[in-house]
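Undergrad: Dropping a structure here in structure tokens format, bear with me for questions.
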Amino acid sequence: MGFDLPPNDERFRVSMKALIRNAAGDTLFIKESGSDWILPGGGLIPGELPEQGLKRELREELGITDFRIVEIVGVESFYAEWRSTWVLWIIARVELRVGATLGCGVDVGDARYISASQLKPAADVSYELAKKWALAA
């Protein structure tokens, strides 16, 4: 017994997010059109491995390919009203190689390192979760 879902039906979206810090301990955030500051990364394509998805997302959003995924540091789940779906974030600590340059790619208007003290309260759950991880030791 079972049922088939249309290929684009997302009842639960799995996303890989990158926790990237500079030498000063500031966290890399991106600002996509119409959003607050969030961690870089995004949804996996069906059949894509998490590491492949994070590599694709960082290349698309920031133009970076020279990095290392160090470890998975956390998992978050929340209901995204704007997508009408549940989202699962897998958060990975990522180290950029020395000399790696950042750019702004697909749908990214800005990317910058922000210190935890500069982060203000916001209603957006993605921003609040990104802030939580930026504050984590």
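The values are calculated or read from the model by the stated rules, or taken from the named source; none is laboratory data. Remember, predicted model here, so these are calculated numbers, not experimental data. Backbone-built Cβ (ideal geometry, glycine too); neighbour counts: all protein chains shown. Please note that ligands, DNA and RNA were not included when accessible areas were found on the heavy atoms of the full protein model with its side chains. Shrake-Rupley method; radii C 1.70, N 1.55, O 1.52, S 1.80 Å.
Undergrad: Is there any pair linking a residue in the range 31-57 that is modelled with pLDDT under 95 to one that is exposed (fewer than 13 other Cβ atoms within 10 Å of the Cβ), with Cβ under 7 Å and at least six apart or on different chains, and which?
TA: Filtered contacts from the range 31-57: LYS31/GLY109; LYS31/ASP110; GLU32/GLY109; SER33/GLY109.
Undergrad: Oh, and also: All but one of (1) within 13 Å of LEU19 (Cβ to Cβ); (2) surrounded by 19 or more Cβ atoms within 10 Å (Cβ to Cβ) hold for GLY42; which doesn't?
TA: (1)
Undergrad: Also, I was wondering about something else. If you take the residues of the range 87-113 that are in contact with a Leu (Cβ under 8 Å, 6 or more places away or on another chain) and among the β-branched types (Val, Ile, Thr), which of them is farthest from ILE64 (Cα to Cα)?
TA: Here the residue is ILE91.
Undergrad: Moving on. Quick one: which strands (runs of 3 or more DSSP E) sit completely within the range 65-116 and have at least 1 residues that are within 16 Å of ASP26 (Cα to Cα)? Show your work before the answer.
TA: Numbers: elements: 67-80, 85-96, 108-114.
Fully inside the range 65-116 and qualifying: 85-96, 108-114.
Undergrad: Of the residues in the range 122-137, how many are assigned to a loop (DSSP other than H, G, I, E, B) and over 16 Å from ASN22 (Cα atoms)? Step through it out loud before you land on a result.
TA: Quick first cut of the range 122-137, residues assigned to a loop (DSSP other than H, G, I, E, B) only: 122-124, 136-137.
Adding the requirement that they be over 16 Å from ASN22 (Cα atoms) leaves 122-124.
Counting residues in the range 122-137 that are assigned to a loop (DSSP other than H, G, I, E, B) and over 16 Å from ASN22 (Cα atoms) gives 3.
Undergrad: Right, here's the next one. From the list GLY25, GLY47, GLY34, exactly one residue is in contact with a helix residue (DSSP H, G or I) (Cβ under 9 Å, 6 or more places away or on another chain), in a loop (DSSP other than H, G, I, E, B) and at positive phi. Which is it?
TA: On the way: GLY47 fails: in contact with a helix residue (DSSP H, G or I) (Cβ under 9 Å, 6 or more places away or on another chain); GLY34 fails: in contact with a helix residue (DSSP H, G or I) (Cβ under 9 Å, 6 or more places away or on another chain).
Checking each option against the conditions leaves just GLY25.
Undergrad: Let me ask something else about it. For the range 102-117, name all the residues that are open to solvent by 70 Å² or more (accessible area, probe 1.4 Å) and either over 20 Å from GLU32 (Cβ atoms) or among the aliphatic types (A, V, I, L, M) (or both).
TA: Within the range 102-117, VAL106, SER117 meet the criteria.
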